[in-house]
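*Asks:* What follows is a structure written as structure tokens; I'll ask about it next.
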Amino acid sequence: MQKEEVLKLDYIQISDEYTIATITYQNDEILKRNHFKDYELGVKSFVNPEFVYPNLYVRGYKTELDNLPITIPNDYVEFVKEKVKNINEKYGVVKKWCPNIDDRYYYISFGSTNSISQNFWGNTFNENQYLDKNIIFKTREEAKFVADKILENVDKWREEYQKGE
């Protein structure tokens, strides 16, 4: 399953001893400024981007310092790259499949019978709303699996609702 990265850095070796890195992308919803701390991976957010062995500090509360270059001794560049890779593996957001124009896609049709319908992507307003809700599927099997799971839980959810009335 492919994930969208939550942190991206660009690296430029500036001498035999040092490389500078800049953060080109940080997902602030996941790597919350001034609040994100993963002690296991040694990645934190406080003030500004910085590398102080063994910790990598990502963008923090001082937004005016977001583009501050991070100085990394060349001996630690791979160490930092591994941290970024591990952060993206742990916190990366699963990419939603998005069809291209004229791609076949599937959706759930609830009615007197549960059926899976297919259509060809036209990038319409309604299709994009379904995509935003993550109810467009690449395969019939995936759509059927999700429909079956929804139907398995209807009674439980109805009971939960009725308890709250």
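The values are calculated or read from the model by the stated rules, or taken from the named source; none is laboratory data. Please read these numbers as outputs of a predicted model, since none were measured by experiment. A quick note on method: Cβ atoms are made from the backbone with ideal geometry, for glycine too, and the neighbour counts reach across all protein chains shown.
*Asks:* Hey, any hits in segment 11-20 for a residue that's modelled with pLDDT of 95 or more and under 21 Å from the mean Cα position of the chain (by Cα)?
*Replies:* Looking through segment 11-20, none of the residues is modelled with pLDDT of 95 or more and under 21 Å from the mean Cα position of the chain (by Cα).
*Asks:* Still on this model: Taking segment 89-108 as the region of interest, how many residues are without any contact (Cβ under 8 Å) to a residue 40 or more places away in the chain, part of a strand (DSSP E or B) and surrounded by 13 or more Cβ atoms within 10 Å (Cβ to Cβ)?
*Replies:* Count: 3.
*Asks:* Any idea how many residues of segment 56-88 are touching a residue at least 12 places away in the same chain (Cβ under 8 Å), out of contact with any helix residue (DSSP H, G or I) (no Cβ under 9 Å at 6 or more places or on another chain), within 18 Å of Q26 (Cβ to Cβ) and not polar (S, T, N, Q)?
*Replies:* 13
*Asks:* How many residues are over 20 Å from the mean Cα position of the chain (by Cα) and farther than 16 Å from E17 by Cα when one looks only at segment 57-97?
*Replies:* Adding up the residues that qualify gives 8.
*Asks:* Name the single residue that is nearest to D10 (Cα to Cα) among those in segment 36-52 being free of Cβ contacts under 8 Å to residues at least 24 places away in the same chain and not in a strand (DSSP E or B).
*Replies:* N48
*Asks:* Okay, next question. Restricting attention to segment 3-35, and to residues there that are touching a Gly at 6+ places or on another chain (Cβ under 8 Å) and either on the phi > 0 side of the Ramachandran plot or part of a loop (DSSP other than H, G, I, E, B) (or both), which single residue is surrounded by the most Cβ atoms within 10 Å (Cβ to Cβ)?
*Replies:* My answer is V6.
*Asks:* A follow-up question, please. For N67, work out the one condition from (1) part of a helix (DSSP H, G or I); (2) under 30 Å from V52 (Cα atoms); (3) not aliphatic (A, V, I, L, M) it doesn't fulfil.
*Replies:* Among (1) part of a helix (DSSP H, G or I); (2) under 30 Å from V52 (Cα atoms); (3) not aliphatic (A, V, I, L, M), N67 violates only (1).
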